[in-house]
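Asker: Questions regarding the structure given below will be posed in turn.
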Amino acid sequence: MKFKLENTDENLDGEIVKSVGNNEFVLKIQGRERDLKVITMTHDKVEFMLDSVYHTTKYIENSTSRITLVIDGVKLSFNKRPEMDKIVYKNSGADSAIDSQLNLKSQIPGRVVSINVATGDSIKKGDVVCVLESMKMQISIKSHKDGVVKSMKLKQGASVAKNDVLAEIE
Amino acid sequence: MHSEKIKNFLHKRRQAEQSGGEERVQGQHDKGKLTARERIDLLLDEGSFNEIDAMTTHHYYEFDMQNKKFFGDGVVTGYGTIHGKQVFLYAYDFTVLGGTLSEMGAKKITKVMEHATNVGSPIIGIIDSGGARIQEGILSLDGFASIFYHNQLASGVVPQITISVGPSAGGAVYSPAMTDFVIMADKIATMFVTGPEVVKTVLGEDVSFDELGGAMSHGKNSGVAHFVAKNEYQCMDIVKTLLSYLPQNSTEEPPIVETGDDPNRMDNNLINIIPENPLQPYDMKEIIHSVVDNHVFFEIHELFAPNVIVGFARLHGKTIGIVANQPMVLAGALDIDSSNKASRFIRFCDCYGIPIITLVDTPGYMPGTQQEHAGIIRHGSKLLYSYCEATVPKITLIIGKAYGGAYIAMSSKNLGTDMNYAWPTAQIAVLGSEAAVRIMNRKELDTAKDPAALKKQLVDNFTEKFANPYVAASYGTVDSVIDPAQTRPALIRALDALANKRERRIPRKHGNINL
Amino acid sequence: MNDMIKKILIANRGEIAIRVIKTCNALGIKSVAVYSDEDVNSKHVKMASEAYHIGQASPSQSYLNMEKIAETAVSSGADAIHPGYGFLSENADFADLCEKKGLNFIGPSGNSMRLCGDKMECKDAMIKAKVPTVPGSPGIVEEVEKALDIAHTIGYPVLLKSVFGGGGRGIRLVHDEKELREAFEIASGESKAAFGKSALFVEKFLPKIRHIEFQLARDKHGNAVHIFERECSIQRRHQKLIEMSPSPVVDQKIRDEIGELAVKAAVAVDYLNAGTAEFLRLDDGTFYFIEINARLQVEHPVTELVSGLDLVKLQIDIANGKEIPFKQKDLKVNGCSIECRINAEDTFLDFAPSTGKIYDVNIPSGPGVRVDTYLYPGCTVSPYYDSLMGKLITWGQNFEEARQRMTLALSDFYIEGVETAIPLYKTILESKEFIEGDLSTDFLDRFKILDRLRDDMKKEASGKSEAALAATLIHSEFLKHKIRSHKEHSVRWKTQVDRH
């Protein structure tokens, strides 16, 4: 199976050759056979030995086309279906393309200190939409594109979480 | 030994895997659509797919069909696992004769459906089909009928999910409609009973495929689509997530997943979500997100009838179904579409042993001739019927307003609800104070010297006396008024207590829900 | 001896509260911790002799609530207050309040703080004492138009600073009019929020400057010493990231010379207890006085490690009226120490705050490795307070040993739950420029460190790619393990009696 490492755009090849039972597997990675032995499994972590080198993994996200994990402290994402992407995204654009057209999301958690635009305003990319306060710092959140403010999802003094939609900009 | 026979077998197998041929596969890809086998590969666990009936062909001879034989005959069927759980599936193959349904195709589909109901595993259908195969005429129509029949046989026995990633027209659309959940891929899927060309001819109406029956249209307007997916990847993700909440069949308990979220987690901020002014709306989803495990709420029918919210979540690892009013839309009032949406969801939960938690903040039913003439009475009664019919553990939490008929309909005590909780902000009454006073004290107000002041006084009295949860608590129709911060622990404890609930009903063939 | 301090209330939280408690324990002094709703489960609360709840999460209702804290001190029987850094540590009104309530405030007097806190007045005092200061705007700027005028005159880029700012906050670098307008509004807001008032001034931005500060101590008897310099040039947004002692560009002669200026500055403001005199050093070697920080600084550990002193103990001794037990000539720099601030920030989102639950922590240790932190597995990093989670400090007999120990310790430091700049520090510590000591406050921009970090991270990801692929391949096995087997349930299906 083909994989693409999103961090570096490298293409890799791997598959499970066989399961030897007892949580041991034979894998084939980049054409070479490797032995894998699972040591422990919890509800989100796996520790294993790959050819007698110890590794620990935490799975962050897994969807049909992508998996994100932290291995030995390093965060990595794989595209599991690089060959299918151009077919699947033909009609819809890349995964978050539709979203980012409309929604201005918050990159950080924080409290709304001021709201600087109103519904109906015409704004340019880079204009300050609102100011959030977090960890004693005030961070201005800027618009990701030119457009008209379709709706605001903000309340003065409210708390927002990372990735919350702040406003819709058409 | 037998090398000729083996060679022949391998050749035939390779042919079968090629569906309608390289050219047609390329055509499918050019349209931005995957082939049936590619879709199955995305859906199922790696290497778990076992195809059956790969070498079926049609046996028709009219219209020169004998020269157009393809292995598989337009449908790929088989079984495999999704995250380790057994499922049976069928996927229409658009590259073979446009994925049209033939007599043999229908036989293949009903075969896997029968397997599924014998074994007790979910059925997944991937629809990408030109509809009936005109050449086969009545055989094709009868084929659809037998599929529908099996949909009914399976309904309430095993979960049935439809993934719509292409056209589906005419009679064909009724199979998806009979399944439990329909996921449509935006810009790729369409469903309609009568296509745009016929619509133009008969009615003179000019409408595009997407407008008439596209994913967004069915997601927002008709409610046929429970989910609108951005693309085919997301369709598969939705199915996998959905299945993770459900049992394999109706005799099994839904799966319990370790979520790591403290069952005693309190939230002192919950009470601040409700504005002081009862006329001001708030987002019910904020409350839901706070209470459920890991703040994960899997919403169903998100775009349809948004004045009510339905979906799955987990509490202490157990699957629950949530039904809630949404004060941000129509002030949380109930109407025809929301009654339908909630009822179907409640009945699904009841089929599969999923406890139902209802969060209430509604001012009543939408008034007006549009609703009355369209039958709010009939449709509204479905909600009442479904709650009464459900024997799964039912818990209700009244958060804000709960007036009149809507109070009753939103899983009130005497509809057979097991636990009824209320926040101190709950207002349970026949009518809102203003309306009540206007009716009850009409005479006094008409003859008063200062009607405005009198009205205010009467309204305040009424509010203090009735618009609270304590009257209901004194009668036991609210079992407990709870501290909002403790909502999550309270719900989890109630669920634990009700886990082994069993209700006895008088045996009958089935009730007569007002459809 | 009866009026020696016996019980100290620490008016702070997080790692500094823990630091003070440790010295209290060493001296047999009781410690009193205070905490807000948010800090109920914090380590400092668990470690203190006593702990009292003082209010809601927001700082203004807890850690900045002077009345409540003083009241708690009195009722708990504390005879002294240690303010840590930040919060009330440079609040003259609070120092005065403590004095009024008979509480021994471990730090300078309220008036001394006022003088140091008002950067314009302090500058005046320095000019009088003949301590060289930075050229800049003649006074406070209250209107944005005035700021624009000054900026236009002295030429962009300029620094917009808050008169009442501290610890690098309230300082913004702006390159043009638009940025200045925006920054003015925000800096105004921040200053008002943190200190209750907003007064800004404009200074010319000098490139390739080094931030070098001197640790000071002065006792009630007038004895004043400096305890060497610290170089804190590696910053971003004018907040320190990495500090070290000694500075690569300070030899003993310069140390003596500038150290003397620093002591002069302390005397000029009648400073008491521990503090820091901050200087800028231009590329040509000129030193300019910036300000005096009237508190114990975050980076005090590097001084402790090269001097062998416990600065918190020194503070308490001075507060007890003792004389500083050594003379300037007794102090000698021993080895080299480097500190990296471990902040909960996302390097690639312009260091935006990262908050949340810490699922796991692995704290490095070994020869010459010290960690001051409030982290423990299961704790929470709160959005209500600043992003400093802890400090990683190393000591070595020379710069190279300290640097090497730091790079190894950084690799061992594992924090799961928030983003940190640990990868960035690794890149900086291994860069040629850092090893050569070519430091300046624009280090990150000058050497495009973030780009190098991206390359380093790509290399790291590449190095782990095969192991990650293996983990991906067995992921489905992992999922099957997660969902409990349903095979046992299928028995029920098979034996199920027909029902409606």
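The values are calculated or read from the model by the stated rules, or taken from the named source; none is laboratory data. Bear in mind that the values here come from a model prediction, so they are computed numbers and not experimental data. With ideal geometry, Cβ positions are generated from the backbone for all residues, glycine too; neighbour counts draw on all protein chains shown.
Asker: I need every pair where a residue in the range B:93-104 that is free of Cβ contacts under 8 Å to residues at least 40 places away in the same chain has its Cβ under 8 Å from the Cβ of a residue that is surrounded by fewer than 23 Cβ atoms within 10 Å (Cβ to Cβ), sequence separation at least 6 or different chains.
Answerer: Here the result reads B:Gly98/B:Gly130, each pair linking the range B:93-104 to a residue that is surrounded by fewer than 23 Cβ atoms within 10 Å (Cβ to Cβ).
Asker: Looking at (1) within 27 Å of the chain's Cα centre (by Cα); (2) more than 10 Å from chain C (Cβ to nearest Cβ), which one does A:Ile39 not meet, given that it meets all the others?
Answerer: Unmet condition: (1).
Asker: Sticking with this one: Is it the case that the range B:252-270 has a residue that's assigned to a helix (DSSP H, G or I), closer than 21 Å to B:Arg314 by Cβ and not hydroxyl-bearing (Ser, Thr, Tyr)?
Answerer: yes
Asker: Moving on. Given the options B:Ile300, B:Ile309, name the one that is buried (at least 23 other Cβ atoms within 10 Å of the Cβ), in contact with a Phe, Trp or Tyr (Cβ under 9 Å, 6 or more places away or on another chain) and closer than 20 Å to B:Ala225 by Cα.
Answerer: Working: B:Ile300 fails: buried (at least 23 other Cβ atoms within 10 Å of the Cβ).
So the residue among B:Ile300, B:Ile309 that is buried (at least 23 other Cβ atoms within 10 Å of the Cβ), in contact with a Phe, Trp or Tyr (Cβ under 9 Å, 6 or more places away or on another chain) and closer than 20 Å to B:Ala225 by Cα is B:Ile309.
Asker: Output the number of residues of the range A:18-36 satisfying the condition of being modelled with pLDDT under 90, of a type outside the set (Ser, Thr, Tyr), surrounded by 12 or more Cβ atoms within 10 Å (Cβ to Cβ) and over 13 Å from A:Phe48 (Cα atoms).
Answerer: 1
Asker: For the range C:355-375: of the residues being part of a loop (DSSP other than H, G, I, E, B) and either among the aliphatic types (A, V, I, L, M) or at positive phi (or both), which is modelled with the lowest pLDDT?
Answerer: Step by step, filter the range C:355-375, then rank; the result is C:Ile358.
Asker: A follow-up question, please. Quick check on C:Gly378: is it at positive phi, within 14 Å of another protein chain (Cβ to nearest Cβ) and assigned to a loop (DSSP other than H, G, I, E, B)?
Answerer: yes
Asker: Answer yes or no: is there a residue in the range B:220-236 that is away from chain A (no Cβ under 11 Å), part of a helix (DSSP H, G or I) and closer than 16 Å to B:Pro176 by Cα. Even if it seems obvious, please write down each step before you answer.
Answerer: Let us first name the residues in the range B:220-236 that are away from chain A (no Cβ under 11 Å), namely B:220-227.
Subsequent filtering for residues that are part of a helix (DSSP H, G or I) retains B:220-222.
If we keep only those that are closer than 16 Å to B:Pro176 by Cα as well, we get B:222.
Yes: one or more hits.
Asker: Condition first: at negative phi, more than 14 Å from chain A (Cβ to nearest Cβ) and either in contact with a Pro (Cβ under 7 Å, 6 or more places away or on another chain) or not aromatic (Phe, Trp, Tyr) (or both). Can you find one or more residues in the range B:25-48 that meet it? Show your work before the answer.
Answerer: Initially, the range B:25-48 is screened for residues at negative phi, giving B:25-31, B:33-46, B:48.
Filter once more, so that each one left must be more than 14 Å from chain A (Cβ to nearest Cβ): none.
The answer is no; no qualifying residue exists.
Asker: Ok, one more. State all residues of the range C:1-46 that are in a strand (DSSP E or B), out of contact with any Gly (no Cβ under 9 Å at 6 or more places or on another chain) and under 19 Å from C:Ile318 (Cα atoms); if no residue qualifies, say none.
Answerer: Passing the criteria: C:Ile8, C:Leu9, C:Ser31.
Asker: On the given criteria, is B:Ile127 in contact with a helix residue (DSSP H, G or I) (Cβ under 8 Å, 6 or more places away or on another chain), of a type in the set (Val, Ile, Thr) and either in contact (Cβ under 8 Å) with a residue 60 or more places away in the chain or crowded, with 24+ Cβ neighbours inside 10 Å (or both)?
Answerer: Answer is yes for this residue.
Asker: Looking at B:Val119, B:Val87, B:Val76, can you tell me which residue is within 14 Å of another protein chain (Cβ to nearest Cβ), buried (at least 18 other Cβ atoms within 10 Å of the Cβ) and β-branched (Val, Ile, Thr)?
Answerer: B:Val87
Asker: Could you please find all residues in the range C:381-417 being touching a Lys or Arg at 6+ places or on another chain (Cβ under 9 Å) and part of a loop (DSSP other than H, G, I, E, B)?
Answerer: The answer is C:Pro383, C:Tyr384, C:Tyr385, C:Asp386, C:Ser387, C:Gly417.
Asker: Something else about it: Grab the helices (runs of 4 or more DSSP H) fully contained in the range C:422-474, keeping just those with 3 or more residues being touching a helix residue (DSSP H, G or I) at 6+ places or on another chain (Cβ under 9 Å) and not β-branched (Val, Ile, Thr).
Answerer: Ranges flagged: C:422-429, C:443-446, C:449-473.
Asker: Looking at (1) out of contact with any Ser or Thr (no Cβ under 8 Å at 6 or more places or on another chain); (2) loosely packed, with under 14 Cβ neighbours inside 10 Å; (3) basic (Lys, Arg), can you tell me which one B:Arg493 breaks?
Answerer: (2)
Residues checked against (1) at pLDDT 70 or above; (2) surrounded by 15 or more Cβ atoms within 10 Å (Cβ to Cβ); (3) among the basic types (Lys, Arg):
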position: A:Ile87; (1), (2), (3): yes, yes, no
position: A:Asn91; (1), (2), (3): yes, yes, no
position: A:Ser96; (1), (2), (3): no, no, no
position: A:Ser100; (1), (2), (3): no, no, no
position: A:Ser106; (1), (2), (3): yes, yes, no
position: A:Arg111; (1), (2), (3): yes, yes, yes
position: A:Ser114; (1), (2), (3): yes, yes, no
position: A:Thr119; (1), (2), (3): yes, no, no
position: A:Lys124; (1), (2), (3): yes, no, yes
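Asker: Continuing with the same structure: Report yes if C:Pro248 is closer than 28 Å to C:Val141 by Cβ, surrounded by fewer than 24 Cβ atoms within 10 Å (Cβ to Cβ) and not hydrophobic (A, V, I, L, M, F, W, C), otherwise no.
Answerer: Answer is no for this residue.
Asker: Checking A:Val113 against (1) within 14 Å of chain B (Cβ to nearest Cβ); (2) in a strand (DSSP E or B); (3) in contact with a Cys (Cβ under 9 Å, 6 or more places away or on another chain), only one condition comes out false. Which one?
Answerer: A:Val113 satisfies every listed condition except (1).
Asker: Where the second residue is among the polar types (S, T, N, Q) and the first is without any contact (Cβ under 8 Å) to a residue 12 or more places away in the chain and lies in the range C:389-406, which pairs have Cβ atoms under 6 Å and are six or more apart or on separate chains?
Answerer: From the range C:389-406, no pairs qualify.
Asker: Which residue out of A:Asn91, A:Asn79, A:Asn62 is of a type in the set (S, T, N, Q), over 29 Å from A:Gly14 (Cβ atoms) and within 14 Å of chain B (Cβ to nearest Cβ)?
Answerer: Exactly one residue qualifies, and that residue is A:Asn91.
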